[in-house]
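First comes the structure, then the notes that go with it.
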Amino acid sequence: MNKLLRFGTIILLGALAAGAAPGQSPNADAATMQALLSEVRQLRRTVERALSLEPRMQIILQRAQFQEQKVLRIQQQLDEVRKEIATETARQAAANERLEKIEQDIAAESDAARRAQLEDMRAGLKMVAGNGPDQQVRGREAELSNALATEQALLSEYNDKLDNLERQLEVPPAAQH
């Protein structure tokens, strides 16, 4: 920003030197000086505004970055829980299929010993097939899903604040005062 201020000063000095050129009328010199002075003032206001917004923007940007990391961590945890649920659901479906097959085998089996063995297998599979994904895992999924929505909303707020600060930098200084 100091470079910008120096640049404005150099332009002003150059204009002053050019204004001292012979052959120009005093009214033209005064109008040129007023225009240059107005532009230097506008440049100063722009620099001051940018300098005043910069610290806020850096703080919000850093918070947004931390929030984005938090959202990513929660998303990864949620993905892991959902994979666990999918694995458990697939295991349960496979157990149900085996249970149906064993039921058919029991109905068709005439050997009492083999039938007893199949019935034991059926009892074990009924326990597995009847259990879906653990309710604690389902609860964890709901908890992570809610946390993700909350953290994404907060991230969105930070992004909105950054957008607002960016718009403030784009507004011409004359329109702000």
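The values are calculated or read from the model by the stated rules, or taken from the named source; none is laboratory data. Keep in mind that this is a model prediction, so the values were computed, not measured. Here the Cβ positions follow ideal geometry from the backbone for every residue, glycine too, while neighbour counts run over all protein chains shown.
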Quick one: count up the residues across the range 86-100 that are aliphatic (A, V, I, L, M) and surrounded by 15 or more Cβ atoms within 10 Å (Cβ to Cβ).
-> 2
Among the residues of the range 28-53, how many are of a type in the set (A, V, I, L, M, F, W, C), farther than 19 Å from Asn164 by Cβ and either in contact (Cβ under 8 Å) with a residue 12 or more places away in the chain or not in a helix (DSSP H, G or I) (or both)?
-> 6
Could you say which residue among Leu148, Leu144, Leu78, Leu162 is touching a residue at least 60 places away in the same chain (Cβ under 8 Å) and closer than 30 Å to Arg49 by Cβ?
-> Leu162
Is there a residue being in a helix (DSSP H, G or I), modelled with pLDDT under 80, exposed (fewer than 12 other Cβ atoms within 10 Å of the Cβ) and out of contact with any Pro (no Cβ under 6 Å at 6 or more places or on another chain) anywhere in the range 14-22?
-> yes
Among the residues of the range 45-85 satisfying the criterion of being surrounded by 14 or more Cβ atoms within 10 Å (Cβ to Cβ) and over 21 Å from Leu155 (Cβ atoms), which is modelled with the lowest pLDDT?
-> Ala50
May I ask you to verify whether Ser38 is modelled with pLDDT under 85 and loosely packed, with under 15 Cβ neighbours inside 10 Å?
-> no
